[in-house]
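**Student:** Structure provided below as structure tokens; questions to follow.
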């Protein structure tokens with residue numbers, strides 16, 4: 001089986017549900033806390049490509065940082081949004097589950113079933 005990586009924030013309840021579901025199904029996976037081990041620009045670009053998403057599709061619109069930066073009012077380019085996501089990991093929706101050439105935003109947690 002291909003290696004599975006879950007990019008998460010450990011305190012995120014959806015991330016916890018995804019981890020629990022994988023464990024209950026006997027799936028071997030690696031967790032990456034992207035607050036401790038931040039995304040490189042290349043890695044986040046790669047994950048977005050695998051998910052067939054643009055940076056704006058992956059934005060956490062309910063986050064305080066989103067409001068603080070007025071991301072809904074300003075017309076940021078996708079490149080600028082990507083830069084902001086690297087700088088402020090709170091802007092990234094989570095968890096992201098990567099398996100081989102595929103990746104999904106496992107939100108809600110049940111979306112993890114799409115990988116199996």
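The values are calculated or read from the model by the stated rules, or taken from the named source; none is laboratory data. Remember, predicted model here, so these are calculated numbers, not experimental data. Positions of Cβ are backbone-derived with ideal geometry, glycine not excepted, and every protein chain shown enters the neighbour counts.
**Student:** Run residue 111 past the list (1) outside any helix (DSSP H, G or I); (2) touching a helix residue (DSSP H, G or I) at 6+ places or on another chain (Cβ under 9 Å) and report the number of the one that doesn't hold.
**Tutor:** Condition (1) is where residue 111 drops out.
**Student:** Name the one entry in 84, 48, 44 that is over 27 Å from residue 100 (Cβ atoms), modelled with pLDDT of 95 or more and part of a helix (DSSP H, G or I).
**Tutor:** Checking each option against the conditions leaves just 84.
**Student:** Any chance you could count how many residues in region 14-41 are assigned to a helix (DSSP H, G or I) and more than 15 Å from residue 92 (Cα to Cα)?
**Tutor:** 9
**Student:** Could you grab me the full set of residues in region 36-50 that are closer than 14 Å to residue 9 by Cβ and surrounded by 13 or more Cβ atoms within 10 Å (Cβ to Cβ)?
**Tutor:** Across region 36-50, the qualifying residues are 38, 39.
**Student:** In this structure, is residue 71 in contact with a strand residue (DSSP E or B) (Cβ under 9 Å, 6 or more places away or on another chain) and either exposed (fewer than 15 other Cβ atoms within 10 Å of the Cβ) or in a helix (DSSP H, G or I) (or both)?
**Tutor:** The answer is no for residue 71.
**Student:** Within region 30-42, which residues are touching a strand residue (DSSP E or B) at 6+ places or on another chain (Cβ under 9 Å) and under 22 Å from residue 76 (Cβ atoms)?
**Tutor:** Hits for region 30-42 are 34, 39.
**Student:** Separate question: Which of the residues spanning region 1-13 are surrounded by 11 or more Cβ atoms within 10 Å (Cβ to Cβ), outside any strand (DSSP E or B) and touching a residue at least 60 places away in the same chain (Cβ under 8 Å)?
**Tutor:** Within region 1-13, 9, 12 meet the criteria.
**Student:** Another question about this same structure. Between 36, 23, which is over 18 Å from residue 107 (Cα atoms) and out of contact with any helix residue (DSSP H, G or I) (no Cβ under 8 Å at 6 or more places or on another chain)? If you could, list the steps in order and put the result at the bottom.
**Tutor:** Working: 23 fails: over 18 Å from residue 107 (Cα atoms).
Every option except 36 fails the conditions.
**Student:** Condition first: assigned to a loop (DSSP other than H, G, I, E, B) and buried (at least 16 other Cβ atoms within 10 Å of the Cβ). Now tell me which residues in region 51-68 satisfy that.
**Tutor:** Within region 51-68, 53, 60, 63 qualify.
**Student:** Among the residues of region 81-116, what is the count of those that are surrounded by 14 or more Cβ atoms within 10 Å (Cβ to Cβ), farther than 17 Å from residue 10 by Cα and free of Cβ contacts under 8 Å to residues at least 24 places away in the same chain?
**Tutor:** The number of residues fulfilling the criteria is 2.
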